[in-house]
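For reference, the structure discussed in these notes is given below.
The values are calculated or read from the model by the stated rules, or taken from the named source; none is laboratory data. If you're wondering where the values come from, they're calculated on a predicted model, not measured in any experiment. For neighbour counting, all protein chains shown are included, and Cβ atoms are generated from backbone atoms with ideal geometry for every residue, glycine included. To get the accessible areas, we keep the full protein, side chains included, count just its heavy atoms, and leave off ligands, DNA and RNA. Shrake-Rupley method; radii C 1.70, N 1.55, O 1.52, S 1.80 Å.
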Amino acid sequence: MREEQPKTLQEAIQYFSDEMTCIEYFSAKRWPNGVKCVWCGHDDVTFLSNRKIWKCKGCRKQFSIKVGTIFEDSPISLTKWFPAVWLIVAAKNGISSYEIHRALGVTQKTAWFMLQRIRLAMQTGSFVKLGGKGGAVEVDETYIGGKARNMHFERKLRMIDGGRGTVGKVAVIGLLQRHGKGKSKVRLTTVQNTSREDLQPIIRKNVKAGSEVYTDSHSGYEGLNDEYFHEFVNHAETYARGKVHTNGLENFWSLLKRGLRGTYVSVEPFHLFRYLDEQAYRYNNRKDMNDYDRFNKLLKKVTGKRVTYSKLTGKEGETTAF
């Protein structure tokens with residue numbers, strides 16, 4: 001395998017144009033201490049170069065580099081998978097399945113499936129709580145939904161009959177930990193509604209007790225003072241009182257919605273959490289990282305995650321682990 005590493009999309013396409021190079025590169029990331037059998041963990045394996053797979057001398061089973069990853073059971077070569085990963089981690093406002101379809105020469109349906117698998121690897125699920133000495137935490141909620149001009153005629157009529165405002169939209173809660181300029185971290189998840197019963201369990205699960213928590217004046221945040229140093233700002237009067245504001249999350253919402261409306265146009269509520277994972281991954285890895293760093297980091301997260309097409313299309317249930 002070549003020692004130089006790609007830094008740009010053009011270099012990445014050239015670097016990963018050979019399947020064997022992709023396999024060697026990925027195996028070094030997946031098994032830094034040597035290849036191990038994905039079935040029994042045995043490290044005495046033989047590489048069958050004519051088929052580009054390994055055979056375990058312990059359990060006698062065979063396996064490819066894709067087994068146990070988001071790439072499993074995909075007939076698409078890693079020479080196309082890796083540029084797709086590069087494109088999505090590098091695109092500030094996201095990249096659509098139609099763009100992947102045109103750029104890589106796969107069908108739009110295949111490109112959509114590829115992107116959804118990559119978004120699965122972008123999930124950041126962490127048991128480490130925000131706040132404490134790490135910085136104050138902003139909490140805010142927003143509603144996301146397609147604009148009327150992007151809707152089918154029948155759905156538009158239902159929206160008009162059902163009223164305006166939040167009808168037909170999905171509620172999303174965001175938690176942003178301040179770390180100084182350019183270093184803030186965000187966590188996102190969808191919620192059934194913005195009531196106290198829905199919002200506060202998420203806050204208590206993700207923020208350390210005793211932390212500074214800043215919100216707006218929404219009634220769903222009432223009662224946080226029993227566990228946090230909670231202050232709020234009334235947006236009807238002002239957007240900030242010194243350090244008490246949610247401007248960090250307001251800026252993030254603008255970035256998120258610009259990507260959803262401009263790149264994806266319309267996102268089904270069933271899939272929204274995947275797009276939240278995507279934007280949060282790029283946001284949380286934007287500082288002191290180039291495109292190669294973000295690509296390389298994500299490639300280390302593709303193992304142990306797999307989603308089938310039936311799950312993606314709603315034939316099997318699936319939830320986010322936030």
For region 247-267 the number of residues that are closer than 27 Å to K133 by Cβ, crowded, with 17+ Cβ neighbours inside 10 Å and not aromatic (F, W, Y) is 3
I need the full set of residues from region 222-244 which are touching a residue at least 12 places away in the same chain (Cβ under 8 Å) and among the acidic types (D, E), in order please.
E222, E227, E231
Considering region 37-54 alone, what residues qualify as being basic (K, R) and either open to solvent by less than 70 Å² (accessible area, probe 1.4 Å) or touching a strand residue (DSSP E or B) at 6+ places or on another chain (Cβ under 9 Å) (or both)?
R51
In region 121-130, residues that are out of contact with any helix residue (DSSP H, G or I) (no Cβ under 7 Å at 6 or more places or on another chain) and over 24 Å from K208 (Cα atoms) total 0
The lone exception for F322 - which of (1) modelled with pLDDT of 95 or more; (2) in contact with a strand residue (DSSP E or B) (Cβ under 7 Å, 6 or more places away or on another chain) it fails:
(1)
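Table: residues versus (1) under 26 Å from the mean Cα position of the chain (by Cα); (2) at pLDDT 85 or above.
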position: I160; (1), (2): no, no
position: L176; (1), (2): yes, yes
position: K185; (1), (2): yes, yes
position: S195; (1), (2): yes, yes
position: L224; (1), (2): no, yes
Search result, residues across region 20-39 that are assigned to a loop (DSSP other than H, G, I, E, B) and either of a type in the set (D, E) or within 16 Å of N296 (Cβ to Cβ) (or both)
W31, P32
Could you list, ordered by first residue, the pairs with Cβ atoms under 7 Å in which the first is in region 13-24 and among the aromatic types (F, W, Y) and the second is surrounded by 13 or more Cβ atoms within 10 Å (Cβ to Cβ) and not in a helix (DSSP H, G or I), at least 6 apart or interchain?
Y15/P6
Could you please tell me which pairs satisfy a Cβ distance under 9 Å, a separation of 6+ or placement on different chains, a first residue in region 206-221 that is without any contact (Cβ under 8 Å) to a residue 40 or more places away in the chain and open to solvent by 10 Å² or more (accessible area, probe 1.4 Å), and a second residue that is basic (K, R) and part of a loop (DSSP other than H, G, I, E, B)?
A209/K129
Single condition E99 does not satisfy, out of (1) under 29 Å from L272 (Cα atoms); (2) charged (D, E, K, R); (3) touching a Lys or Arg at 6+ places or on another chain (Cβ under 9 Å)
(3)
Filter result (of a type in the set (F, W, Y) and either on the phi > 0 side of the Ramachandran plot or surrounded by fewer than 20 Cβ atoms within 10 Å (Cβ to Cβ) (or both)) within region 55-111
F63, Y98
Would you be able to say whether some residue in region 172-188 is assigned to a helix (DSSP H, G or I) and either out of contact with any Pro (no Cβ under 9 Å at 6 or more places or on another chain) or closer than 21 Å to T124 by Cβ (or both)?
no
Might you check whether a residue that is open to solvent by less than 40 Å² (accessible area, probe 1.4 Å), at pLDDT 95 or above and not in a strand (DSSP E or B) occurs anywhere in region 228-246?
yes
Enumerate the pairs (first residue in region 179-198 and among the small types (G, A, S); second residue anywhere and part of a helix (DSSP H, G or I)) with beta-carbon separation below 7 Å, excluding pairs fewer than 6 apart on the same chain, so at least 6 apart or on different chains.
S184/G248; S195/G220
Give region 272-296 a look and list any residue that's surrounded by fewer than 16 Cβ atoms within 10 Å (Cβ to Cβ) and either under 18 Å from G94 (Cα atoms) or touching a residue at least 24 places away in the same chain (Cβ under 8 Å) (or both), or say none.
R286, K287, M289, N290, D293
Restricting attention to region 72-118, report how many residues are closer than 19 Å to N284 by Cβ, touching a Phe, Trp or Tyr at 6+ places or on another chain (Cβ under 7 Å) and assigned to a helix (DSSP H, G or I).
3
